[in-house]
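Remarks on the structure that follows.
Bear in mind these aren't lab numbers, they're just calculated from the coordinates by the rules spelled out. If you're wondering where the values come from, they're calculated on a predicted model, not measured in any experiment. Quick reminder, even Gly has a Cβ in these numbers, built from the backbone with ideal geometry, and neighbours come from all protein chains shown.
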Amino acid sequence: MRAIFLLLLLTAPACALSIQVSGDCVNQKILISTDQPCFLALRMNYGVPIYASTYDGPVTFVPKIAGDLLITAFSEKEEASKFVRIRECARSDYHISTNILPDGSFEEHGKKISWRTAYGALKKTCEILGYSCYSKLTDWGIFVDCIRGICTGSLGKTSGWMYWVNYPNKPMPGISATEYRVYPNDRVIWYFSRSMDEKPESSPYSIEITLGPNYEIYANTKWETKVPPVADFEFSPSIPYVGQEVVFNASSSFAFGGKRIVEYLWQIDGNELKGMVVAYKFEKEGEYEAKLTVFDEEGLYNSVTKTLKVVKAEGYGNFTVEGEKTIDFGFFVLRIRAEKAEVSLKNESCRVPNHDVRGCFSLRSNAPVSAVLESNESFKVLDLSRDRWVHVKGNGNFTANISAGSFAVLTPWKDFPLSEKDERIMRALKYLRSLHRDDGGFGEESSLFSATCWAIMAIVSANERPEDWKKNGKSPLDYLRENIREEMPKMGTADIARTILALVYAGEDPRNFEGYDLVEMLRGKTRENGQIGDYVYTTIWAAMALKSAGEDVSKSVEWIKSVQNPDGGFPWVEGEKSDCDDTSA
């Protein structure tokens, strides 16, 4: 068996070894997936390994004891590992067959609320279980503040209660729980979210409510008695050079329930360091992982790993130029000329869409200087200080003249953007057609309004017409027309924005689509400071949608810029860590 397994490893294709894990409780399913198909070895408390693979999709594992689960993924040339702390989770199941979610309504904060809503289901279930449940009235409606003593902010600045109906088969609702109607056989999950990455199964606190065919209430609760701390850190500079001191700061880590973090352990470049703030100098260029593990007073712990890139130190720093100084950066050479000048050359971090960054630097001096960039290969230069392109001369050898300022040396991506006739685009369109349903909509199993909007944007991006994509005589636009009335009561800020973008892409009028003025609806969610909706991500998508409809979004853009994080990225909600989804949007 071992020989067969090793043979399979040797013949398996390489994959990006990134391991994702959902769940961490004894006797509950843990879902393990990788970015690409890989072989896995699972070892509980360093015992006998269990082998599996993600070639057929995510792997499900149910641990029977608490402790450390070591997950190792293998590809042809690499391997990656991830530790998961498996815990005993306090969990109770309740069958409340004698209790019915009533018809009618109740009053709260001076507003009438239907019992048969996501919030009404929670309210009634808490009454039955004897749980305290408190809400608060905001500008955007009634929101759950506390359940059974767990309140907004209890597990971090951005933590709070969220709900999801029929997870994971349906998208997260975009409207207040007091407005979301529930029906027989719906499953409503209320869970306490600590970050954008939180899912119902990973939350330490949740109430799962299932409604029977006659609105009978069945409840399942998860309430952990011990919650581990949150590990987080930042490092500066963001792209250090060889020999430069890098400061790692874990002050953003925190523990819950009034506890303190008592120990900070670092693993950096094969070295172990201790302390909330540590410094380290890397001796070679390349990509490195820095791992932080924090322990609280009860011995509970958590870890986080981040990757940083260390670049060549050659040429960077402060120096004197008398005549000419040549600095070789590999892809290009920088020649600095001056009668006599004190020069500062600093490595910078930058990204330019559709280009590879060959070098990014700032050049400063106390006297006039001129400089020339030279390379044997074609390149482009962006003057970051003035936001304009620098002319590049090319005749066998390529050169560009610069002076003091900040510059990015770039090479354009080849074959990008892709032609709509590219084989990869054609394969994607073929797959999209396989998801086209008889009602004209798109979805994995049945049509979804949100998925159909995304599909329309993809179709138009491939230079095709949505009205030409017909199934059973109906197009995606037909599906939107026939279902928008039912969807409108469920639509939140991001849902309206997505719909506007799809309509604009398709050449439809978002100001009068089946009688709805979606642009005005979205404008009505704009606050005085420019924020649209409750979150950063809703403001980003809404600004794109309103801009596509010809609206002025300058105030919203300024608000978005004001919540940018020091690392250059953007969070899903103000104060949260940056994520690639919202930054790329």
message: Binning at 5 angstrom from zero up to the longest distance, how are the C-alpha pair distances of the stretch 349-489 distributed in percent?
response: 2, 8, 14, 13, 9, 7, 7, 8, 8, 9, 7, 5, 2, 1, 0
For 409, 321, 277, order by how many other beta-carbon atoms lie within 10 Å, fewest first: 277, 321, 409
Cβ-based charge dipole, the stretch 423-584, positive-most Cα from 429, 493, 448: 429
- request: Give, rounded to the nearest 20 debye, the magnitude of the charge dipole that the chain has about its Cα centre when Lys and Arg contribute +1 at Cβ and Asp and Glu contribute -1 at Cβ.
  value: 260 debye
- request: Sort 142, 86 so that the residue with the fewest other Cβ atoms within 10 Å of its own Cβ comes first and the one with the most comes last.
  value: 142, 86
message: Going 7 Å from the Cα of residue 277 along its beta-carbon direction, which residues of the stretch 232-252 have the amide nitrogen within less than 14 Å of the resulting point?
response: 234-237, 246-252
message: Sort 119, 316 by Cβ crowding within 10 Å, fewest neighbours at the top.
response: 316, 119
query: In whole Hz, what ³J(HN,Hα) sequence does the stretch 301-310 give by Karplus (6.51, -1.76, 1.60; θ = phi - 60°), x for Gly and Pro?
result: 9, 8, 10, 8, 10, 10, 10, 10, 10, 9
- prompt: Can you work out ³J(HN,Hα) from phi for every residue in the stretch 513-530, in order, using Karplus 6.51 cos²θ - 1.76 cosθ + 1.60 and θ = phi - 60°, giving whole Hz and x for Gly and Pro?
  reply: 10, 6, x, 9, 9, 5, 5, 5, 4, 6, 4, x, 9, 7, 8, 4, 7, x
- prompt: Pairs 82/291; 111/525; 414/547; 281/306; 82/306: which exceed 18 Å Cα-Cα?
  reply: 111/525; 414/547
query: Using the alpha carbon gyration tensor of the stretch 317-412, what are the three equivalent-ellipsoid semi-axes (square root of 5 times each eigenvalue), largest first, in whole Å?
result: 21, 15, 11
- line: Kirkwood Rh for the stretch 423-584 from C-alpha pairs, in Å, is 16.7 Å
message: Using alpha carbons only, how many angstrom separate the centre of the stretch 257-329 from the centre of the stretch 174-234?
response: 37 Å
query: Taking a temperature of 37 °C and a viscosity of 0.692 mPa s, what whole-number D in µm²/s does Stokes-Einstein yield for the stretch 234-310 with Rh from Kirkwood over alpha carbon pairs?
result: 252 µm²/s
- prompt: Roughly speaking, what is the stretch gain from residue 106 to residue 210, that is 0.36 nm per residue apart minus the C-alpha to C-alpha distance, in nm to one decimal?
  reply: 35.4 nm
statement: Residue span residue 251 to residue 397: 0.36 nm per residue of separation minus Cα-Cα distance leaves a gain in nm of 47.6 nm
Segment residue 584-residue 435, extension gain: residue separation times 0.36 nm, minus the distance between their alpha carbons: 51.0 nm
message: Let's test this: bin the Cα-Cα distances of the chain at 20 Å from zero up to the farthest pair and state each bin's percent.
response: 15, 44, 35, 6, 0
message: With a cap of 12 neighbouring Cβ atoms within 10 Å, and only residues DSSP puts in a loop, list the GluC sites (Glu not before Pro) found in the stretch 253-297.
response: 283
- prompt: If you find the alpha carbon centre of the stretch 552-583 and of the stretch 44-74, how far apart are they in angstrom?
  reply: 37 Å
Only Lys, Arg (+1) and Asp, Glu (-1) charged, at Cβ; the stretch 411-566 dipole about Cα centre in debye: 360 debye
query: What are the radius of gyration and Dmax of the stretch 150-256, computed over its Cα atoms and given in Å?
result: 19.1, 69
query: At 20 °C and 1.002 mPa s, what whole-number value in µm²/s does Stokes-Einstein give for the translational diffusion of the stretch 339-380, with Rh from the Kirkwood sum over Cα pairs?
result: 171 µm²/s
message: Counting other C-beta atoms within 10 Å, and keeping those with at most 12, which DSSP coil trypsin sites (Lys or Arg not before Pro) do you find in the stretch 415-497?
response: 421
- prompt: Once the Cβ-Cβ distance between residue 234 and residue 291 is put in as r, and R0 is 22 Å, what FRET efficiency do you end up with, to the nearest 0.05?
  reply: 0.95
- prompt: Treating the beta-carbon of each Lys and Arg as +1 and of each Asp and Glu as -1, no other charges, what is the dipole magnitude of the stretch 234-310 about its Cα centre, to the nearest 20 debye?
  reply: 100 debye
statement: Ordered by number, the GluC sites (Glu not before Pro) in the stretch 487-585 that occupy a DSSP loop and have at most 10 other Cβ atoms within 10 Å are 528
message: As I understand it, the dipole of the chain uses +1 on the Cβ of Lys and Arg and -1 on the Cβ of Asp and Glu, about the Cα centre. Which of 526, 333, 251 lies farthest toward its positive end?
response: 251
